[in-house]
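First up is the structure itself, then whatever we jot down about it.
The values are calculated or read from the model by the stated rules, or taken from the named source; none is laboratory data. Since we're looking at a predicted model, the values are computed, not measured. With ideal geometry, Cβ positions are generated from the backbone for all residues, glycine too; neighbour counts draw on all protein chains shown.
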Amino acid sequence: MYIMGLLPAESAVVFSLSCMHLKCLLGTKHFIELASSPEHTLALLELLALDLPNQVVCSACKRLHDMKNIRRYNSATAHQYSSFRFPKCVSRDRDNETFAVTSLFGATAFKMAIKRYHQQSDCTEILKVMSSKAAKTTEREEYLRQSREECRVIQGSLIQRKQSVYISRISSTATSMNYDTPSAMICGHIRFTPSQHNASSAIKRCHKCRTEYRVDFKYYDGHGLAIFITTWKDLGTGPDTEVWKQHLPSYFLSRLRARILGQLQADVEVWSKDGGPAFAFGNSNHDYRFDELLTVSNKPELFRFQKRSLAKAKHRHYTMTTL
Ligand SMILES: [Zn+2]
Ligand SMILES: [Zn+2]
């Protein structure tokens, strides 16, 4: 009883759970104490999760989440589970605007990938859900965008690479993009702008988050100018870290507010090592093929899409002029 009095509530509960006789002897005092404290509840879940390899603790829902339900905790796929209540962690991801980084996963999946990595280094199955290796082609303003993204855990940090290519969907001979530029956010701090059109191809860094990026251009006869944008992001070792939060719009808005109110002591260091996420991913200025996205199957699909869009635009133009 004396030892129990020295333990935090969560440890006392775990101790009493270790033996039926002890549980009867110690009663429910520590359970009641624990139930009234969200911090102690989370601490208990963290202790239990140590022995549960497929479960992670969710601080928003204050529950354990099973890795096999990973899609339930992502805002893009949570609606498939409409018979259940919408998880609080998904709402929190929306409030934090995690879609600025990706729509494929949120904080819970991030935690699952890191836990699996520390258990067996191979977290391929979870990373597959968090990646879209097959390219998707979509319309964006006056442009067509083809893109794909991939996540890897490297030395305990989640690294994401996103590759996109833009071509015009209203002209097959565009040679410049000085207007109607496709709006592409490289990170929460940098937006692709026309002034970058003549920039040299090299990997650059944002100094407010761990994002590296590269912008390249290539002209395709019969299709016009294509813009290639690649981003590599070091998302950190977990969703509770500053490194992850630096990528979220909600975080830099709160820091901006704190700065205005004079409550911000100092900026958090962003880059403390030489090798950035591009290097960790195995890419460098010397050997990165910026157009590798346009594989033998992706390229014809993008150009087919453009042909259809051009035909539609031509038809619209003809209808307008004959009215
Ligand atoms: Zn949750
Ligand atoms: Zn940034």
Practice task
Output the residue which, of all residues in region 19-63 that are in a loop (DSSP other than H, G, I, E, B), surrounded by 15 or more Cβ atoms within 10 Å (Cβ to Cβ) and of a type outside the set (A, V, I, L, M, F, W, C), is nearest to ligand 1 (Cβ to nearest atom).
Solution key: Ser59
Practice task
Among what's in region 90-101 and is farther than 23 Å from His118 by Cβ and free of Cβ contacts under 8 Å to residues at least 60 places away in the same chain, pick the residue that is farthest from ligand 1 (Cβ to nearest atom).
Solution key: Phe99
Handout entry: Residue tally, condition of a type outside the set (A, V, I, L, M, F, W, C) and touching a strand residue (DSSP E or B) at 6+ places or on another chain (Cβ under 7 Å), over region 104-162
Key = 23
Problem - Contacts under 6 angstrom Cβ, first residue in region 104-129 being within 12 Å of Ser157 (Cα to Cα), partner hydrophobic (A, V, I, L, M, F, W, C) and modelled with pLDDT under 90, 6 or more apart - result: Ala113/Cys123; Tyr117/Cys123
Handout entry: Residue count for region 237-255, restricted to those that are under 12 Å from Ala107 (Cα atoms), among the polar types (S, T, N, Q) and touching a residue at least 12 places away in the same chain (Cβ under 8 Å)
Key = 1
Practice task
Could you look through region 207-219, keep only residues that are touching a residue at least 60 places away in the same chain (Cβ under 8 Å) and surrounded by fewer than 21 Cβ atoms within 10 Å (Cβ to Cβ), and pick out the one that is nearest to ligand 2 (Cβ to nearest atom)?
Solution key: Lys208
Exercise for the section: Scan region 68-89 and give yes if some residue there is under 18 Å from His247 (Cβ atoms), in a helix (DSSP H, G or I) and either among the hydrophobic types (A, V, I, L, M, F, W, C) or in contact (Cβ under 8 Å) with a residue 60 or more places away in the chain (or both), otherwise no. Expected result: yes
Handout entry: Sole exception among (1) part of a strand (DSSP E or B); (2) farther than 16 Å from Trp232 by Cα; (3) touching a residue at least 60 places away in the same chain (Cβ under 8 Å) for Lys136, by number
Key = (3)
Exercise for the section: Would you please list the contacts, defined by Cβ atoms under 6 Å and residues six or more apart or on different chains, that run from a residue in region 33-45 that is of a type in the set (Ser, Thr, Tyr) and modelled with pLDDT of 85 or more to a residue that is surrounded by fewer than 19 Cβ atoms within 10 Å (Cβ to Cβ) and not in a helix (DSSP H, G or I)? Expected result: Thr41/Lys62
